[in-house]
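Visitor: The structure's right below; bear with me while I get my questions together.
The values are calculated or read from the model by the stated rules, or taken from the named source; none is laboratory data. As the structure is a computational prediction, the values presented were derived from the model and not from experiment. Cβ: placed from backbone, ideal geometry, glycine included. Neighbour counts: every protein chain shown. Accessible surface is based on the protein model in full, side chains and every heavy atom, while ligands, DNA and RNA are left aside. Shrake-Rupley method; radii C 1.70, N 1.55, O 1.52, S 1.80 Å.
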Amino acid sequence: MPDEANPFESLQEQIDDAAAFLDVPGDVVTRLKSPERVLEVTLSVEMDDGSLESFRGFRSQFNGDRGPYKGGIRYHPNVSRDEVKALSGWMVYKCAVVDIPYGGGKGGIVIDPRKYSEAELERVTRAFATELRPLIGPDKDIPAPDVNTGQQEMNWIKDTYEKLENTTAPGVITGKSIDNGGSAGRVEATGRSVMLAAREAFDYLDKEMEGATVAIQGYGNAGSVAAKLIEDAGATVVAVSDSSGAVFDSAGLDTRAVKGHKRETGAVTGYADATEEFSNEDLLTMDVDLLVPAALENAIDADLAERVEADVVVEAANGPVTPDADDVLTETDVTVVPDILANAGGVTVSYFEWVQNRQRFAWTEERVNDELERVIVGAFDRLVDAYETRDLPNFRTAAYVVAVQRVADAFGGAGSWP
């Protein structure tokens, strides 16, 4: 099984790896490796039966040199202080690598949302929004959905903030429903950028997407949307998985039908047209052209990386490959398109949503998708340029070289005060 690598330490190691190829002063690098502030709260919320239950919540604001803090809020039993610190840091460099004017933030609540009613989740969400109120705002910190959160939770946060502030501020949060100021194309944005990153990587490597075999670990929003769009691009998705396990068909799965089955049953396993079922670990070590880890961080550690047989790995999740595993994959000539580029579609279209909210003018879905493609393709080209001209070991280091330089330049241009 994958190890329990500390995600915050992984982030810091990735920054150090990039800084070794940059002329950035060591004291500035140190500054770019830790959050500016972390809020930790205890939420006491009334349950449906009248009892009180307490939940721990966090919000990390990592770096605001390039703009307001930006990042999701996740609901998961394994949310921790170090996790949100790492995720907020990854958001800084994700925004920088695609060159959108945000810093990085991240938040979460230690909760298994499957165990609570919708009314209880609403009260938990509004309690958290109340605690976040002093920190968030359209020009300060703009949260968004993440693991186990979506449009409904974002709508509740927006409504809570607006009522407490006695204002209208749709730009306080992104990932909202269309009727509450959301953007067309936002729901599919992360999966779409994964598909675009895979397409560009295959093109760079002179490989064909048409007929390529694909395995996708994690079948939530990002994984299922990526699967659908990669299938539409002509590839053959032979295996997908979620926490219940993996389903397989060498002739290719109907990705939309699998999603429908998961929607009805809560799991991909049991899908009638699959020819085989096996574990998530078996999926990660399949001999396929493209592997998409789309679940949680640390899915692939060094031991498992030794058994990865995919030619290309495109990270839909945040931090699914540990630094030690990265070294192994580099040595075995597995091309990894890093998370800070591959899954940047979500924050990019969140930025588009924020822009639309501030302009009070809605874009068409076609415009959103066209602008997203322009951003991801341009970022991939800049990554390749850094990779080739600086003779870097892998795409991840190239992405961080581009991103760390941009954040360091923003800090250096503004100066240090006081």
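Visitor: To the nearest 10 square angstrom, how much accessible area does Arg382 have with a 1.4 angstrom probe?
Guide: 90
Visitor: Now a separate question. Put Glu306, Glu153 in order of accessible area, largest first, 1.4 Å probe: what do you get? Don't jump to the answer; show the numbers that get you there.
Guide: Details: Glu306 125, Glu153 25 Å².
From most exposed to least exposed: Glu306, Glu153.
Visitor: In cubic angstrom, how much convex hull volume per residue do the alpha carbon atoms of the chain span? Don't skip to the end; give the middle numbers.
Guide: Working: hull volume 57.2 nm³, N = 418.
Looking at the chain, the number lands at 137 Å³ per residue.
Visitor: Taking the Cα-to-Cβ direction at Arg307 and at Thr275 and moving 7 Å from each Cα, how far apart do the two end points lie in nm?
Guide: 2.2
Visitor: Any idea what the alpha-carbon Rg over 2.2 N^0.38 Å comes to for the stretch 1-117?
Guide: Values: Rg = 16.6 Å, N = 117, 2.2 N^0.38 = 13.4 Å.
In units of the 2.2 N^0.38 Å rule of thumb, it is 1.24.
Visitor: Go from 0 up to the bin containing the longest alpha carbon distance in the stretch 56-204, width 10 Å each, and give me the % of pairs per bin.
Guide: Using 10 Å bins, I get a P(r) of 12, 40, 37, 10, 2, 0 for the stretch 56-204.
Visitor: In addition: Quick one: what are the phi-derived ³J(HN,Hα) couplings along the stretch 5-20, Karplus 6.51/-1.76/1.60 with θ = phi - 60°, whole Hz, x for glycine and proline?
Guide: 4, 6, x, 5, 5, 4, 4, 4, 5, 5, 5, 4, 4, 6, 4, 4
Visitor: Here's something else I'd like to know. Compute the signed sum of charges (Lys and Arg +1, Asp and Glu -1) over the other residues within less than 14 Å, Cβ to Cβ, of Val194.
Guide: Around Val194, the surrounding residues sum to -3.
Visitor: Also, I was wondering about something else. Under 1.5 on a/c is rounded, so check that first for the stretch 1-48, then, if it is not, pick prolate when a/b is larger than b/c and oblate when it is not; a ≥ b ≥ c are the square roots of the alpha carbon gyration tensor eigenvalues. Spell out each step's value before the answer.
Guide: Numbers: a/c = 5.78, a/b = 1.90, b/c = 3.05.
Taking the square roots of the gyration eigenvalues as a ≥ b ≥ c, the stretch 1-48 is oblate.
Visitor: Further, regarding this structure: Give me the distance between the Cα centres of the stretch 269-313 and the stretch 363-406, rounded to whole Å.
Guide: 26
Visitor: Could you run the Karplus curve 6.51 cos²θ - 1.76 cosθ + 1.60 with θ = phi - 60° over the stretch 132-143 and give me ³J(HN,Hα) per residue in whole Hz, x for Gly and Pro?
Guide: Taking θ as phi minus 60°, the curve returns 6, 3, x, 9, 9, x, x, 10, 10, 7, 10, x Hz for the stretch 132-143.
Visitor: Amide H to amide H, which residues 5 or more places from Val337 or on other chains are under 5 Å from it, using H placed in the peptide plane?
Guide: Under 5 Å from the amide H of Val337 lie the amide H atoms of Val313, Val314, Glu315, each far enough along the sequence or on another chain.
Visitor: Starting from 0.36 nm per residue, how many nanometres of slack lie between Ala414 and Lys163 once their C-alpha separation is accounted for? Working shown, then result.
Guide: Values: separation 251, 0.36 × 251 = 90.36 nm, distance 3.50 nm.
This chain segment gains 86.9 nm when fully extended.
Visitor: Would you calculate, for the chain, the mean residue ellipticity at 222 nm contributed by helices, counting each DSSP H stretch of 4 or more residues as -39,500 (n - 2.57) and dividing by all residues, to the nearest 500?
Guide: On the way: 15 runs with 187 residues, N = 418.
-14000 deg cm²/dmol, from helical runs alone.
Visitor: Let me ask another. Along the Cα-to-Cβ line of Glu40, 7 Å from the Cα, sits a label point; which residues in the stretch 66-84 have backbone N less than 20 Å from it?
Guide: The answer is 73-84, whose backbone nitrogens lie closer than 20 Å to the label point.
Visitor: Please give the charge dipole size of the chain, origin at the Cα centre, charges +1 on K and R Cβ atoms and -1 on D and E Cβ atoms. Round to the nearest 20 debye.
Guide: Details: 39 positive and 74 negative charges, 445 e Å.
Here the chain has a charge dipole of around 2140 debye.
Visitor: A follow-up question, please. Compute from the Cα atoms of the stretch 281-388 the Rg and the Dmax, the latter being the longest Cα-Cα distance, and quote both in angstrom.
Guide: 16.5, 51
Visitor: Using alpha carbons only, how many angstrom separate the centre of the stretch 163-185 from the centre of the stretch 131-146?
Guide: Cα centroid to Cα centroid, the span is 12 Å.
Visitor: Ok, one more. Mind ordering 272-280, 182-190 by average Cβ neighbours within 10 Å, highest first? Intermediate values should be presented prior to the final figure.
Guide: Working: 272-280: 13.6, 182-190: 23.8.
Packing proxy ranking, top to bottom: 182-190, 272-280.
Visitor: Does anything in the stretch 170-205 have its amide N under 17 Å from the 7 Å Cα→Cβ label point of Ala233, and if so which residues?
Guide: Output list for this probe position: 188-205.
Visitor: Restricting things to alpha carbons, tell me how big the stretch 220-338 is in terms of Rg and Dmax, in Å.
Guide: For the stretch 220-338, the Cα radius of gyration and maximum Cα-Cα distance read 13.7, 42 Å.
Visitor: Next up: When you have a sec, figure out the Kirkwood radius of the stretch 247-311 from all distinct Cα pair distances and drop it here in Å to one decimal?
Guide: Values: mean 1/r = 0.0766 Å⁻¹.
By the Kirkwood definition, the hydrodynamic radius is 13.0 Å.
Visitor: For the stretch 32-86, report the accessible area per residue in Å² (1.4 Å probe, heavy atoms, rounded to an integer). Can you show the working numbers first?
Guide: Details: 2180 Å² over 55 residues.
Per residue, the stretch 32-86 has 40 Å² of solvent-accessible surface.
Visitor: Quick one: 3J(HN,Hα) in Hz for the stretch 42-56, Karplus 6.51/-1.76/1.60 with θ = phi - 60°, rounded, Gly and Pro as x.
Guide: With coefficients 6.51, -1.76 and 1.60, one gets 10, 9, 9, 10, 6, 8, 4, 8, x, 7, 9, 10, 9, 9, 8 Hz.
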